[in-house]
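Beneath this line is the structure, given in structure tokens, with notes to follow.
The values are calculated or read from the model by the stated rules, or taken from the named source; none is laboratory data. Worth saying up front: this structure is predicted, and the values here are computed from it rather than measured. Don't worry about glycine lacking a Cβ; one is built from the backbone with ideal geometry, like all the others, and counts go over all protein chains shown. These accessible areas exclude ligands, DNA and RNA; they are computed on the full protein's heavy atoms, side chains included. Shrake-Rupley method; radii C 1.70, N 1.55, O 1.52, S 1.80 Å.
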Amino acid sequence: MMIRIFPYGAIQFMAFDQYKKVIKKQLGISGHVHRLMAGSMAGITAVICTYPLDMVRVRLAFQVKGEHKYMGIIHAFKMIYTKEGGLSGFYRGLMPTVVGMAPYAGFSFFTFGTLKSIGLAQAPELLGRPSLDNPDVLVLRTHVNLLCGGIAGAIAQTVSYPLDVTRRRMQLGAVLPDSDKCLTMVQTLRYVYQQHGVRRGLYRGLSLNYIRCVPSQAVAFTTYELMKQFLHLN
């Protein structure tokens, strides 16, 4: 659902740069810690701004062929608003999403930034090259950016995946037969663990998620680094 991806990515990376400046200037925190804090705050900001779109995406994706409850994006918005309590219906499952996004986005930016710093410090000639907009600034080569972004995505996904499972079950709401057992974040986590355990419950589908998440994060961070050069931000 491209209508969600564009604003989500734009808000997240913009917010990361702004939060990083504020944390460094107002709190005097820099280095690895401010990457982790700024990344977490940026992820939470992007999630809150785009969550209704994510809710609609999940509902549309879950529909079974021949049993379509929603006829499209606009129809899904109308149905959720009228049948599930107005605006609050679009934010069902927001809490586990926010709690899960904080470590996910935080560890993504933290891992990528740390790998970038170490790579440019230890092997600048092998892994780095002069920035397109500022020859005095070293940046990672494109293939190294992709590698670091992929590693960051894999680590972040592993850390936050149980909360992602919780979010999806809560978003589906009344669509699932056991929805009455998944009304809160803690209740949903407990139910999934008791019914299916850790590997088949809380981490079910993680390997398939790597196939989506790793290249997605690799491309996202690489694009982010290239756009900073094209827009003369280094």
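Numbers for the structure displayed
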quantity: Residues being part of a helix (DSSP H, G or I), touching a residue at least 12 places away in the same chain (Cβ under 8 Å), of a type in the set (A, V, I, L, M, F, W, C) and open to solvent by less than 80 Å² (accessible area, probe 1.4 Å) - total across the range 1-21; calculated: 4
quantity: Options Thr45, Thr82; residue that is β-branched (Val, Ile, Thr), closer than 30 Å to Asp17 by Cβ and open to solvent by 10 Å² or more (accessible area, probe 1.4 Å); calculated: Thr45
quantity: First in the range 91-116 and farther than 17 Å from Gly153 by Cα, second anywhere and of a type in the set (Phe, Trp, Tyr) and in a helix (DSSP H, G or I), Cβ under 7 Å, 6 or more apart; calculated: Tyr91/Tyr51; Leu94/Tyr51
quantity: Scan of the range 144-190 for residues that are of a type in the set (Ser, Thr, Tyr), modelled with pLDDT of 85 or more and open to solvent by 40 Å² or more (accessible area, probe 1.4 Å), ordered by number; calculated: Thr158
quantity: Residues of the range 112-136 that turn out to be of a type in the set (A, V, I, L, M, F, W, C), open to solvent by less than 50 Å² (accessible area, probe 1.4 Å) and within 18 Å of Phe13 (Cβ to Cβ), as a count; calculated: 1
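Residue-wise test of (1) of a type in the set (A, V, I, L, M); (2) touching a residue at least 40 places away in the same chain (Cβ under 8 Å).
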residue	(1), (2)
Leu127	yes, no
Gly150	no, yes
Leu172	yes, yes
Phe221	no, yes
Met227	yes, no
